[in-house]
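Undergrad: My questions all concern the structure below.
The values are calculated or read from the model by the stated rules, or taken from the named source; none is laboratory data. Not measured: the values here are computed from a predicted model. Reconstructed Cβ throughout: ideal geometry from the backbone, glycine too, with neighbour counts over all protein chains shown. Heads up: the accessible areas ignore ligands, DNA and RNA and are worked out on the full protein's heavy atoms, side chains in. Shrake-Rupley method; radii C 1.70, N 1.55, O 1.52, S 1.80 Å.
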Amino acid sequence: MLDIPSLPPGTILLVEVGSTAHGTGLPGGEDNDELGVVIETATEVLGLDERGRTTVMQRTQPEGTRSGPGDTDRTLHSLRRFIRLAAGGNPSILMTFWAPVLMTTPAGDELRSLGDAFVGRHVVPRYRGYMQSQAQRLLGLRGSGHGRRGGGGREELIEAYGYDTKYAMHAARLGFQCRELLTTGRLNLPIQGEPADWLRAVRRGDVPFADWWDRCLALDAELERMEGDGSLPAGPDRDRIITWSTQTHLAAWAAAAR
């Protein structure tokens with residue numbers, strides 16, 4: 001097992017993501033997924049390298065080895081990349097605003113308070129796209145499992161239940177969370193109520209494939225209707241996001257120059 005490096009200078013936020021944060025994992029059976037946000041230095045933004053700070057993946061298992069219980073997978077994004085992904089409606093990024101906090105700073109707290117600025121109907125195609133892609137893999141219509149129902153890669157789950165129940169749970173979770181995000185302007189993490197109970201039942205293999213599929217179809221149809229609901233914001237509050245990001249970068253650079 002490898003050691004996870006210390007957080008780099010400029011880190012303003014580190015949160016827990018993945019099944020444990022969603023509340024859909026099985027006790028003792030999950031790895032630890034983390035996501036961090038780092039403010040780039042002025043040189044990284046204004047220097048000759050047009051990429052700036054690149055996204056970094058840190059793992060306790062070597063690349064190519066599947067993580068198991070107790071392992072840690074950490075992703076570190078620059079603040080600029082993070083807000084672009086969030087503004088684009090990336091589901092894995094959007095959960096950061098309401099995920100359990102492992103480390104934060106005043107700037108990290110401000111970023112989390114900005115979560116509602118990223119919510120709008122524009123997120124629906126991203127959530128539906130992820131959800132539909134995973135469903136097609138489970139139906140054997142895409143990916144390496146083409147033509148074979150149950151795709152998702154966890155052979156032990158496919159053998160036991162006829163389909164990859166963890167993969168299926170995450171597909172349905174996307175539907176529930178997109179609906180909640182558009183309805184309330186935020187996410188409750190861990191997931192609450194009947195959806196949480198049902199998702200855990202899927203994960204345990206207690207839900208037949210046909211029942212999972214029917215509910216996913218219903219969620220997808222509901223999201224399609226919400227995408228056309230003109231009473232909901234059309235997109236992110238770009239002015240609010242840009243103003244905060246600009247002020248935060250300038251303040252960090254001024255502090256570093258003192």
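Undergrad: May I ask you to verify whether ARG173 is farther than 26 Å from ARG121 by Cβ and open to solvent by less than 70 Å² (accessible area, probe 1.4 Å)?
TA: Numbers: farther than 26 Å from ARG121 by Cβ: no; open to solvent by less than 70 Å² (accessible area, probe 1.4 Å): yes.
So ARG173 fails the test.
Undergrad: Right, something else. For the structure I just gave you, tell me whether ALA256 is open to solvent by less than 60 Å² (accessible area, probe 1.4 Å), assigned to a helix (DSSP H, G or I) and of a type outside the set (Ser, Thr, Tyr). Please lay out each step first, then the result.
TA: Working: open to solvent by less than 60 Å² (accessible area, probe 1.4 Å): no; assigned to a helix (DSSP H, G or I): yes; of a type outside the set (Ser, Thr, Tyr): yes.
Spelling it out, it is not the case that ALA256 is open to solvent by less than 60 Å² (accessible area, probe 1.4 Å), assigned to a helix (DSSP H, G or I) and of a type outside the set (Ser, Thr, Tyr).
Undergrad: Across the range 147-159, what is the number of residues that are open to solvent by 70 Å² or more (accessible area, probe 1.4 Å) and either at pLDDT 85 or above or under 30 Å from PHE118 (Cβ atoms) (or both)?
TA: 2
Undergrad: Scan the range 202-245 residue by residue and report those that are without any contact (Cβ under 8 Å) to a residue 40 or more places away in the chain and part of a helix (DSSP H, G or I).
TA: Passing the criteria: VAL202, ALA210, ASP211, ASP214, LEU217, ALA218, ALA221, ARG225, ASP239, ILE242, THR243.
Undergrad: Those residues that are surrounded by fewer than 16 Cβ atoms within 10 Å (Cβ to Cβ) and farther than 16 Å from GLY23 by Cβ, I need them from the range 176-201; list them, please.
TA: THR183, THR184, GLY185
Undergrad: Being out of contact with any His (no Cβ under 8 Å at 6 or more places or on another chain) and either assigned to a strand (DSSP E or B) or in contact (Cβ under 8 Å) with a residue 40 or more places away in the chain (or both) is the filter here; which residues of the range 25-41 pass it? Walk me through how you get there before you give the answer.
TA: Here is the first cut: in the range 25-41, the ones out of contact with any His (no Cβ under 8 Å at 6 or more places or on another chain) are 25-34, 41.
Result: GLY25, LEU26, GLY28, GLY29, ASP31, ASN32, ASP33, GLU34, THR41.
Undergrad: Starting from residues that are open to solvent by less than 20 Å² (accessible area, probe 1.4 Å) and hydrophobic (A, V, I, L, M, F, W, C), keep the ones in the range 18-38 and report whichever is modelled with the lowest pLDDT.
TA: Ranking the qualifying residues of the range 18-38, first place goes to ALA21.
Undergrad: Return the residues of the range 43-84 that are open to solvent by 20 Å² or more (accessible area, probe 1.4 Å), among the acidic types (Asp, Glu) and assigned to a loop (DSSP other than H, G, I, E, B); say none if nothing qualifies.
TA: ASP49, GLU50, GLU63
Undergrad: Restricting to the range 1-24, count the residues that are among the acidic types (Asp, Glu) and part of a loop (DSSP other than H, G, I, E, B).
TA: 1
Undergrad: Report, by residue number, each residue of the range 207-242 that is open to solvent by 70 Å² or more (accessible area, probe 1.4 Å) and of a type in the set (Val, Ile, Thr).
TA: ILE242
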